[in-house]
Amino acid sequence: MTDAFRTITFQPAALRAVAPSYYKLEMPRDYTTPVLDKLQRPLRDLRISVTDRCNLRCTYCMPREIFDGSHAFLPRGELLSFEEIERIARQFLRLGVQKIRLTGGEPLLRHGIERLVEKLARLQTVEGKPLEIAMTTNGVILARKARALREAGLDRVTVSLDGLSDATFKTMSDSKVSVATVLDGIATAQTAGFDQVKVNMVVKRGANQHEIVPMAEHFRRSGVVLRFIEYMDVGCSNGWCMEDVVPAREILDRIALHYPLQQVEPSQLGEVAERWRYADGGGEVGVIASVTQAFCHECTRARISTDGKFYTCLFAGSGFDLRTPLRAGINDHGIANLIADIWRQRDDRYSQQRHLPTERARERVEMHYIGG
Ligand code: SAM
Ligand code: SF4
Ligand code: SF4
């Protein structure tokens, strides 16, 4: 994407001057064909970061030495309100989004999050189907919230857990939370009636690769789908290096030594996880090989940061301010056209280019703010 396009900051007056059509627009432009980016990718998924705060300090995401002390989290007034999120979400749906994932930071820390789920659950996709709503959470307070979230209309929940032993979990999450607390959250989610509960485990060499097989053993035959995520160079604070990445192949090989695996066909375009099933019928596992097998060519995901910036890639350095025009009175058609025009300019494919020295050196926004 050209820098000139990315760096437009939409101050109300500037927006009117740069793009008066966004404000004046009364009729939507023609969206009968899907809105495609420069690499012909449609807009299908939206991830919304509802808070930049978290009750854990995972070393690969929010290292304590950077995010405690002087780090300034967003003040309340900077956050999109639930009404603003709903308005933006509606416009994304008009452009083809079929699934929204609420994330953060820790989404369960956002006060009244069930009310947002309830609002979103009333929305429909452009084909008139119910919108699919998912959430990624660290599970720490899920046991308390799971039933209310399900009743509010949340369809799916993914819980992050990086190991089964308290020692590993405490080191990875840099907290005093016990594994039992997260397992309790997972069990409550299962009984609350979610379509499918998934567990995400980030694997970092030298930190938790010894937990791969115990985690696989624990979640086999449990109804939970465990997915292993390659450690990524998101943001600029985690000190990532390629040597710390355990490739998805190695993860699968370790599991297959104990439990033979068979590959499962992907069920939809843009599915990030490669799916495998246990040959003995013990269920499914997945790997998200974002580093060693980049899937940018089919990436249909957009992200909205906690303060309402639209990011077209997880590894972007800057986003497009939607909150300012929203608060300055832009109408719905204007928002939809703004989003569509930004998407049409998109040519991001960082994971396929991270080996280039120019890409590695770029500033990248932090994951808890943009939404994981
Ligand atoms: N706090 C919630 C949680 O942890 O599930 C939601 C936000 S978190 C940023 C979303 C997901 O991103 C989690 O599954 C987390 O493990 C993953 N994640 C964070 N930093 C990562 C990194 N550097 N590499 C790979 N995955 C990462
Ligand atoms: Fe918090 Fe999730 Fe980041 Fe861990 S991965 S620090 S739980 S936002
Ligand atoms: Fe999508 Fe960017 Fe990740 Fe590629 S690097 S898969 S474009 S978010």
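The values are calculated or read from the model by the stated rules, or taken from the named source; none is laboratory data. Bear in mind that the values here come from a model prediction, so they are computed numbers and not experimental data. Quick reminder, even Gly has a Cβ in these numbers, built from the backbone with ideal geometry, and neighbours come from all protein chains shown. We work out accessible area using only protein heavy atoms, side chains counted, and drop any ligands, DNA or RNA first. Shrake-Rupley method; radii C 1.70, N 1.55, O 1.52, S 1.80 Å.
Using a Förster distance of 25 angstrom, determine the FRET efficiency expected from the C-beta separation of HIS218 and MET242, and round it to 0.05.
0.30
Express in Å², to the nearest 10, the accessible area of VAL126 obtained by rolling a 1.4 Å probe over the protein heavy atoms while all chains stay in place.
We get 90 Å² for VAL126.
If the only charges are +1 at each Lys and Arg Cβ and -1 at each Asp and Glu Cβ, what is the size of the charge dipole of the chain around the Cα centre, to the nearest 20 debye?
In total the dipole reaches around 640 debye.
Around ALA72, what is the net charge, scoring Lys/Arg as +1 and Asp/Glu as -1 over all other residues with Cβ under 15 Å from its Cβ?
-3
Would you kindly derive the ³J(HN,Hα) couplings of segment 172-184 from the backbone phi angles with the Karplus curve 6.51 cos²θ - 1.76 cosθ + 1.60 (θ = phi - 60°), listing them in order in whole Hz, with x for Gly and Pro?
Working through the residues one at a time gives 5, 9, 6, 8, 9, 5, 8, 4, 4, 4, 6, 4, 5 Hz.
Roughly to the nearest percent, how much of the accessible area of segment 3-370 is carbon and sulfur, given a 1.4 Å probe?
51 percent
Based on the Cβ-Cβ distance from HIS210 to ARG327, what FRET efficiency comes out when R0 is 41 Å, to the nearest 0.05?
It comes to 0.25.
Go through the cysteines of the chain and tell me which have no other cysteine Cβ under 4.7 Å away.
CYS54, CYS236, CYS241, CYS296, CYS299, CYS313
May I ask you to evaluate 6.51 cos²θ - 1.76 cosθ + 1.60, the Karplus curve with θ = phi - 60°, for each residue of segment 75-92 and list the ³J(HN,Hα) values in order in whole Hz, giving x for glycine and proline?
For segment 75-92, the Karplus curve yields x, 3, x, 7, 6, 5, 6, 4, 5, 5, 4, 4, 5, 5, 4, 4, 6, 4 Hz.
Can you give me the accessible area per residue for the chain, using a 1.4 Å probe, in Å²?
About 42 Å² of surface per residue is accessible.
Return the long-range amide H neighbours of VAL157 (sequence gap of 5 or more, or a different chain), with a cut-off of under 5 Å between placed amide H atoms.
When sequence neighbours closer than 5 places are left aside, the close amide H contacts are MET135, GLN196, LYS198.
For every helix of n ≥ 4 consecutive DSSP H residues, a contribution of -39,500 (n - 2.57) applies; sum these over the chain, divide by its total residues, and give [θ] at 222 nm rounded to the nearest 500 deg cm²/dmol.
That calculation yields -8500 deg cm²/dmol at 222 nm.
Is segment 30-187 rounded, prolate or oblate when judged by the Cα gyration tensor, a ≥ b ≥ c being the square roots of its eigenvalues, rounded requiring a/c under 1.5 and prolate requiring a/b larger than b/c?
It is prolate, given that a/c is not under 1.5 and a/b is the larger ratio.
Where Rh denotes the Kirkwood radius from the mean inverse Cα pair distance, what is Rg over Rh for segment 3-370?
Rounded to two decimals, Rg over Rh is 0.95.
I need the phi-derived Karplus couplings for segment 163-169: 6.51 cos²θ - 1.76 cosθ + 1.60, θ = phi - 60°, integer Hz, Gly and Pro marked x.
x, 9, 8, 4, 4, 5, 4
Taking amide H atoms as placed 1.01 Å from N in the peptide plane, list the residues 5 or more away in sequence, or in a different chain, whose amide H sits under 5 Å from that of CYS54.
Sorted by chain and number, the residues that satisfy this are GLU106.
Suppose each label sits 7 Å from its Cα in the direction of the beta carbon; what would the ARG362-ASP341 distance come out to in nanometres?
Label-label distance for ARG362 and ASP341, simple model: 2.2 nm.
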